[in-house]
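Written out below as structure tokens is the structure these notes cover.
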Amino acid sequence: MDMTQPGILAEGTKLARYLEFSVASEVDIRSALQSLAANDNADKTVIGLGQSLLDMLGETVPGLTTLSAQTVNEIEVPSTPVALWCWLRGDDRGELFHRSRQLESTLAPGFSLDRAIDAFSYDENRDLSGYEDGTENPEGEDAIQAAIVQHQGAGLDGSSYVAVQQWLHDFDTFSAMSTKQQDDMIGRHVSDNEEFDEAPESAHVKRAAQESFEPEAFMLRRSMPWAEGMKAGLVFVAFGHSFGAFEAVLNRMLGNEDSISDALFTFTRPLSGAYLWCPPVKDGKLDLSAIGL
Ligand code: HEM
């Protein structure tokens, strides 16, 4: 997909940095976005734009909304909207730091950096709990079908919608569980990554089984562990051709359908949550024509 920001469909990356920007000067956002689009870093950085930013520009992108905050059975799903999100991919922390500074200066004075989260891959795509993450991700053409907008016209085709949540794990709670309790929570054996039928209905992979939804809820998960001091967890990142699949799965994880909440919530919780639209690319640069730029 040469119209898609390459990082979305690319293989995993060893290190990453997520940057969240807010609007600092409304009159300067157009020129900042134009400078961003002129940058030819599109192969290493995925850019997402939030609803609040499009509102300021007086533009809309079909299907882009704000994640709704929810509290269900004392489980809180926060909504922390972001104007502009960057996922910097790389394998050198120093280089990621300098690229962050470059982006900060490209986007000033329109945008200011609110938050940077450093992320990394653990072993072969494991969450810090030790479980492999991404096993049931669609691949090849299926990944494109799940994650990329098609047949909607120039400016939209090649784009993608991304849901981003920073999750904080409670490792004391996790390590107090037996391996059986942990496996029952995920619905896979940590030893061989095999799914097992006897897992309880609260098991994460039973809640999230993509084929069990109507319509099927396939999404492209590109999550990565994060750590800061002794706090750590997962930056959950899921790309879709809409937010439909993410919302359907989250809804079932929360127990909104059958009052059974996902066992994952016993040891981890989302601290943040944002929806963004990742524009397509044209000739290797961001194509912002859908929002009049
Ligand atoms: C800290 C939070 C989370 C952790 C640690 C986690 C971990 C995992 C693990 C270990 C698997 C099994 C292997 C795989 O297929 O990738 C999995 C599957 C999956 N997860 Fe999560 N997950 C988290 C949050 C979420 C959220 C918020 C969603 C969506 C709302 C989600 C959607 C899925 C889906 C769709 C699957 C594949 C299910 C299937 O079709 O078999 N996960 N997750």
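The values are calculated or read from the model by the stated rules, or taken from the named source; none is laboratory data. If you're wondering where the values come from, they're calculated on a predicted model, not measured in any experiment. Heads up, the Cβs are rebuilt from the backbone with ideal geometry, glycines too, and the neighbour counts pull from every protein chain shown. The area values use the complete protein model at the heavy-atom level, side chains included, leaving out ligands, DNA and RNA. Shrake-Rupley method; radii C 1.70, N 1.55, O 1.52, S 1.80 Å.
Here are some notes:
- Residue tally, condition open to solvent by 60 Å² or more (accessible area, probe 1.4 Å), assigned to a loop (DSSP other than H, G, I, E, B) and closer than 21 Å to Glu11 by Cα, over the stretch 84-127: 5
- Residues in the stretch 185-202 that are within 13 Å of the ligand (Cβ to nearest atom) and touching a residue at least 24 places away in the same chain (Cβ under 8 Å): Met185, Ile186, Arg188, Val190, Asn193.
- Taken over the stretch 203-242, the residue count meeting the criterion of being hydrophobic (A, V, I, L, M, F, W, C), more than 10 Å from the ligand (Cβ to nearest atom) and assigned to a loop (DSSP other than H, G, I, E, B) is 1.
- Residue within the stretch 174-182 that is among the basic types (Lys, Arg), open to solvent by 10 Å² or more (accessible area, probe 1.4 Å), away from the ligand (no atom under 11 Å from the Cβ) and more than 22 Å from the chain's Cα centre (by Cα) present: yes
- Unique residue being open to solvent by 10 Å² or more (accessible area, probe 1.4 Å), without any contact (Cβ under 8 Å) to a residue 60 or more places away in the chain, touching a helix residue (DSSP H, G or I) at 6+ places or on another chain (Cβ under 9 Å) and not small (Gly, Ala, Ser) when the list is Thr65, Thr60: Thr60
- Between Ser202, Ser212, Ser191, Ser223, the distinction of being within 30 Å of Thr45 (Cβ to Cβ) and either open to solvent by 20 Å² or more (accessible area, probe 1.4 Å) or in contact with a helix residue (DSSP H, G or I) (Cβ under 7 Å, 6 or more places away or on another chain) (or both) belongs to Ser223 only.
- Test result for Gly48, of a type outside the set (D, E, K, R) and surrounded by fewer than 18 Cβ atoms within 10 Å (Cβ to Cβ): no
- Pairs with Cβ under 6 Å, 6+ apart, first in the stretch 207-230 and modelled with pLDDT of 95 or more and of a type in the set (Lys, Arg), second assigned to a loop (DSSP other than H, G, I, E, B) and within 9 Å of the ligand (Cβ to nearest atom): Arg207/Asp262; Arg221/Gly134; Arg221/Asn137
- The set of residues in the stretch 154-205 being aliphatic (A, V, I, L, M) and closer than 24 Å to Glu76 by Cα consists of Val162, Ala163, Val164, Leu168, Ala176, Met177, Met185, Ile186, Ala203, Val205.
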